1. Tell me what chain B gives for mean residue ellipticity at 222 nm when only DSSP H runs of n ≥ 4 count, each as -39,500 (n - 2.57), the sum divided by the residue total, rounded to 500 deg cm²/dmol.
2. Where does each of A:PHE275, A:PHE31 land when they are ordered by accessible area, with a 1.4 Å probe and the largest first?
3. Carbon and sulfur atoms: what percent of the 1.4 Å accessible area of chain A do they account for?
4. Leaving out ligands and nucleic acids, and using a 1.4 Å probe, what accessible area per residue does segment A:325-373 come to in Å²?
5. Could you compute the longest span of chain A free of trypsin sites (Lys or Arg not before Pro) located in DSSP loops and having at most 16 other Cβ atoms within 10 Å, not counting the site residues?
6. Rounding to the nearest 20 debye, state how big the charge dipole of segment A:128-280 is about its Cα centre with +1 on each Lys and Arg Cβ and -1 on each Asp and Glu Cβ.
7. How high is the relative contact order of segment A:172-309, in percent, with contacts defined as C-alpha pairs under 8 Å that are six or more residues apart?
8. What share of the DSSP beta bridges in the protein assembly as shown is antiparallel, in percent to the nearest 5?
Amino acid sequence: MSGVLKLALKLLLGDRGKFMTLVIGITFAVFLMMLMTSMFFGIIEHSAGNIINIGARMWVMDPDVQTPQNSIPMPNYVLDAVRSIPGVDYAVPLYVGAGLVRLHDGTYQPATVIGLDDATLFGRPELLDGHTLDIYGNNAFFVVRDANYAKLDSPKMGTTFEINDRRGVVAGIAHVSVGSLFGLPTLYTTYSRATQDLPSTRYEMSFILAQPKSAAAIPAIKRAVAQLGYLALTDQEFTTRNDRFYEFQTAMGTNILIMTLISFIVGLSIAGETFYMFVLDNLERFAALKAIGARSSELVAMIFYQSLVVSFLGFGFGVLLASALVAFGKLRIPNYAAMITFQNIFMALVMVLVISGVSAYIGIRRILRIDPFIVFRS
Amino acid sequence: MILSVQGVTKWFGEAPARTDALRNISFSVDHNEMLYIVGPSGSGKTTLLSVISGILRPNSGSVVVEGKDIWRLSADALADFRLHTLGFVFQDYHLFPRLTTLENIAVPLVLRRVPWEQGLEKARHVLEVVELADKAQLPPQRLSGGEQQRVAIARAIVSEPDLLVLDEPTASLDGDTGRRIVAFVRNHVLNERRAIIVVTHDDRIYEYASRIIHMEDGRIVDEPRPTA
Ligand SMILES: Nc1ncnc2c1ncn2[C@@H]1O[C@H](COP(=O)(O)OP(=O)(O)OP(=O)(O)O)[C@@H](O)[C@H]1O
Ligand SMILES: [Mg+2]
């Protein structure tokens, strides 16, 4: 390490109080930003849960559909039309809707009902208990054991219930990789039973799940579906569309974005202000260095280095703290939707670099204006 | 001749509130000379010292050090000039409280890109010369005034500058300590490649001067006005 930077480090570490304030300030800001963005990513991940759980390569839908929860039913001929598109290997219908479950104590509980294609059961969940084929049994449903399972009074195999005034029986307990965001229990059944039992509009098919013959066939499929007046998206595209919806068209996303921005501003002001105080406190020292013969560029390097050191320390502690809290939250709170990904670590890093750059810039502007003449005056 | 000052003027502020701190100052300093600049408070001594050392730009006139007209240099070249040719002892020392005494002394070497350990080694040597070897690891604020002054001198001479400038080096010291320190500087630092400029009020140390110039109201005068 260059001696000048070592000097910078010693000046920084020498001032314990300011140094700690700086690191703690940035830690706090990173912590807040990480929590906000991880909540945000968690919510988005969960909101896209069905796309991930079903696992289809392509989704065909009405062009106005934004999320997998709210579909606009399509007429059956679309399924045949999609099946006859040359690049399509196979295509199956999917029903996603809501049912009203009446519990034994007489209370009602809404639930998400997913109807899988009768012939293939494409998108079926992993079973913890029961057999896949039991789904064909009379009135059979699979119940997902997630954070909302208890809302159905934690039914066992064979438990009966009423759904939309018809009988239902638990034929399997299922596990899905991403739980629901919306606090509703999830029931799986066959497409035909779902469309029979639930209140239906004229059309019943929520989505068509399509498997292209190859990735190269996807653009042609999209074009062909568009000709039908519908929209075909790959799973990633659908996820992105869903993300955008929650980010910009719901209060949830917008609020969290605003909170992230606020934590960024708080962090920026704590760090910027403290760093500026640090620079002011050390003005005389920088002036003495300048008088002795340090070049301006060396002073700039020192300031940058000091702000980088505190920023990276704060970043490290902030990420650790946020990760620990999220991990703890996930252990303790079943519905806790937060997720730390490389993406939000990266976002926090970018914000920290901005904070560090701005703080350094303020300090540098002051340093470059120092008149070393002050060292001669008492 | 190591330093030549020609027709230097410096004022602060604008008319009518203008203060003329230096009015047409000219003089020169030879190698192996210890020049004193003395004069009453406000006569412009500190201003002159900072103009000579490339810290305060004069309004007119030239300062030539070892053949270089320093006020024609770029900002970086001027910084390099200060680093390589000058040694400073500021009136308030301006030691770095976050560094040890030893590290303080090594600062000019660090700025000269001497490797850290090597700089400390050299600093240790100079610290022995000023008889403070046992204080190497203390922060300077734990030292007495006279000791801090010696540290400041050690920092100024560690890079073996050709021109050493001291502003009021004895102002905060008792008479004996002040004399000892100035004698030390004269005996250890002065030689035929170097010169020393001392700004002072303190007539107890006049005996060490090679030559004394008197300033009054921004001018050099032949004889000081008798004090009433
Ligand atoms: N930065 C400044 N702005 C305005 N006036 C200044 C400035 N620096 C010095 N002066 C004025 O210039 C004149 C010379 O000041 P200088 O500090 O050089 O005197 P000095 O001889 O060193 O005095 P002292 O013995 O008290 O240190 C004084 O009138 C002072 O008020
Ligand atoms: Mg003065």
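The values are calculated or read from the model by the stated rules, or taken from the named source; none is laboratory data. Since the structure is predicted, the reported quantities are computational estimates derived from the model, not experimental observations. Cβ atoms come from the backbone with ideal geometry, glycine included; neighbour counts cover every protein chain shown. Accessible surface areas use protein heavy atoms only, side chains included; no ligands, DNA or RNA. Shrake-Rupley method; radii C 1.70, N 1.55, O 1.52, S 1.80 Å.
1. -10000 deg cm²/dmol
2. Numbers: A:PHE275 0, A:PHE31 40 Å².
Per-residue accessible area, sorted high to low, gives A:PHE31, A:PHE275.
3. On the way: 10230 of 16780 Å².
About 61 percent, which is the carbon plus sulfur part of the accessible surface.
4. Details: 2820 Å² over 49 residues.
Per residue, segment A:325-373 has an accessible area of 58 Å².
5. Details: sites that count: A:ARG57, A:LYS156, A:ARG202, A:LYS213, A:ARG369, A:ARG377.
No qualifying site falls inside A:214-368, the longest such stretch.
6. Working: 12 positive and 13 negative charges, 94 e Å.
For this selection, approximately 440 debye.
7. Values: 21 pairs, mean separation 9.1, N = 138.
Taking the mean separation of contacting Cα pairs over the length of segment A:172-309, I get 7 percent.
8. Numbers: 52 of 80 bridges.
Bridges in the protein assembly as shown that DSSP calls antiparallel: roughly 65 percent.
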